[in-house]
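Each value in this text was obtained by applying a stated rule to the coordinates, not by laboratory testing. What you are looking at is a predicted structure, and each value in this text was computed from that prediction instead of being measured. Backbone-built Cβ (ideal geometry, glycine too); neighbour counts: all protein chains shown.
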Amino acid sequence: MGNFTHTQERILKSAENIAPWVQMLREDFHRHPELRFEEHRTSEICALELEKMGISVQRGVGQTGVVGTLECVGGDGPVLAFRAEMDALAIQDLCGTSYQSKNNGVAHLCGHDGHVATLLGAAKILGEIQKTLTGTIKFIFEPSEEAVPPDEICGAEAMISDGALENPDVDAIFGAHFYPDWKAGTVALKPGTVFSGNDVVRLTVHGQESHAAVPHRGVDAIYVASQIVTATQGLAAHLDINEAVSVHWTTINGGRLHNLIASEVVLEGSFRFSNESLRESMPTKIDQLVRGICDAFGATYDLDFNVRPMPAVISSPKEVRTMRQALIDGLGEDAVIDMKQPRLAADTMFHWLHRTNGVFYMVGTSDSNPATQYPSHHQKFDISPDTYSTAVAAIALTADRFMNRMESM
């Protein structure tokens, strides 16, 4: 660190200078969160800011999505895309700050407000240095990433269907996720699986109702379900210890009256695995486990293992190597973290990376303030002000590396 090119120097200086503006934008988005496909205010701000920068804009891509396209004047080169999600969560904000949500029951608790503000900051810098860049950059502002019902498409699918990756075709796409697991000022990335994805599982156990005074005449669905819960945890405990695994039944509902043996129990669970082959084997393993327990106690069952499957988010090794070097050259070795294991999370970034190469990377957001240490989706989740300059620089440094100093994509 220290032997910067002129462009790298401009990027780093501009990222520091623009950080207060990015923070202001983020706090504004935080005050005015919008749910999936309702991001009208957010998307219009994105479009207007891009237009102020001289970047051409497409509104209404995938309903409320926005695509900005910067055709750099430095000559022909690769087509890169950078993506940020705009939607908030249907949760009450309890951050207690001056920028606490004004929309009751709606809050940015997953960092999307920061993603959008950061991408706008990077767009501003890249627009200013476009003479030094070759190729085209697309800035993609995605709606509806959070909690999409199983029978609906998400914002990524809608935008892709509307041609967000076309005209011109994107060679590589990059997306960030703000994460308090790492300190502000750092970026974490890895080749291969970054987010494990998530299988939502629903199980209905059918027993036989009877009065609690004559339990032998019934089949207790609650007891059978409890055996399944316990056995599932035992199964998870015996999986490969080198893999990241989370197998949990997260809701359970059953029973009709206090004096009746329950005839039905419905369980829902979230099953996550860092290894795709392990993940693919689980429907059969769980079905065998459930069948054995139900048969032993005279119950029956219905098992749906794919209520809303969310595949793993997988980064391309070549693009990870190039981005990693760009970050080391610009931010320094200490700012770049090599992730050891995938996070047991899910994200619609998998839709983009399923169709083109690219990188899904983590941006550290925590500092000594306890508010910045809460996990994503916590009602007091907040972001360190020290996050923004690094997050903005990471995007611009990556673009510079891919568009100026790398082999053909």
Rounded to the nearest 20 debye, what is the charge dipole size of segment 199-304 about its Cα centre when +1 sits on each Lys and Arg Cβ and -1 on each Asp and Glu Cβ? 280
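Go ahead and run the numbers for FRET between K52 and Q325, Cβ-Cβ distance against an R0 of 45 Å, rounding to 0.05.
Details: r = 32 Å, r/R0 = 0.72.
Taking R0 as 45 Å, the efficiency between K52 and Q325 is 0.90.
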Is segment 199-304 rounded, prolate or oblate when judged by the Cα gyration tensor, a ≥ b ≥ c being the square roots of its eigenvalues, rounded requiring a/c under 1.5 and prolate requiring a/b larger than b/c? prolate
Once you place label points 7 Å from the Cα toward the Cβ at E276 and T204, how far apart are they in nm? 3.3
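Gain in length, A236 to R256, computed as 0.36 nm per residue apart minus the alpha-carbon separation, to one decimal in nm? Spell out each step's value before the answer.
Numbers: separation 20, 0.36 × 20 = 7.20 nm, distance 3.10 nm.
The A236-R256 span can extend by a further 4.1 nm.
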Just to be sure I understand, if you calculate mean projected area of the Cα convex hull in nm² for this structure, which of (1) 17.7; (2) 29.6; (3) 21.3 do you get? (3)
HN-Hα J couplings of segment 309-314 from phi, Karplus 6.51/-1.76/1.60, θ = phi - 60°, integer Hz, Gly and Pro as x? x, 10, x, 5, 9, 10
Toy charge model, Lys and Arg Cβ at +1, Asp and Glu Cβ at -1: the chain dipole around Cα centroid in debye, rounded to 20, equals 480
I'd like the Karplus ³J(HN,Hα) series for segment 241-252: coefficients 6.51, -1.76, 1.60, θ = phi - 60°, whole numbers in Hz, and an x wherever there's a Gly or Pro. 6, 7, 9, 7, 9, 9, 10, 9, 7, 10, 9, 8
For segment 113-181, with the dipole built from +1 on Lys and Arg beta-carbon atoms and -1 on Asp and Glu ones, taken about the Cα centre, which of I125, H115, F174 lies farthest toward the positive end? I125
Quick check: Cα centre of segment 111-149 to Cα centre of segment 282-297, how many Å? 47
Förster-model FRET efficiency, 51 Å R0, E71 and R291, C-beta, rounded to 0.05: 0.30
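If you take every DSSP beta bridge whose two residues both sit in the chain, what share of them, in percent to the nearest 5, is antiparallel?
Numbers: 42 of 66 bridges.
Within the chain, antiparallel bridges account for around 65 percent of the total.
Please arrange I91, I241 by counting, for each residue, the other beta carbons lying within 10 Å of its beta carbon, fewest first. Each step should come with its number before you reach the end.
Details: I91 19, I241 7.
By the 10 Å Cβ count, ascending: I241, I91.
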How many nm separate the modelled label positions at E157 and H40, each set 7 Å beyond the Cα in the direction of the Cβ? 2.5
Neighbour-count order for R279, R26, R355, R59, fewest beta carbons within 10 angstrom listed first: R59, R355, R279, R26
Could you tell me which residue out of S389, V106, I314 lies farthest along the dipole of the chain toward its positive end? Charges go on the beta carbon: Lys and Arg +1, Asp and Glu -1, centred on the Cα centre. S389
Expressed in angstrom and rounded, the centroid-to-centroid distance over alpha carbons for segment 204-231 and segment 308-379 is 44
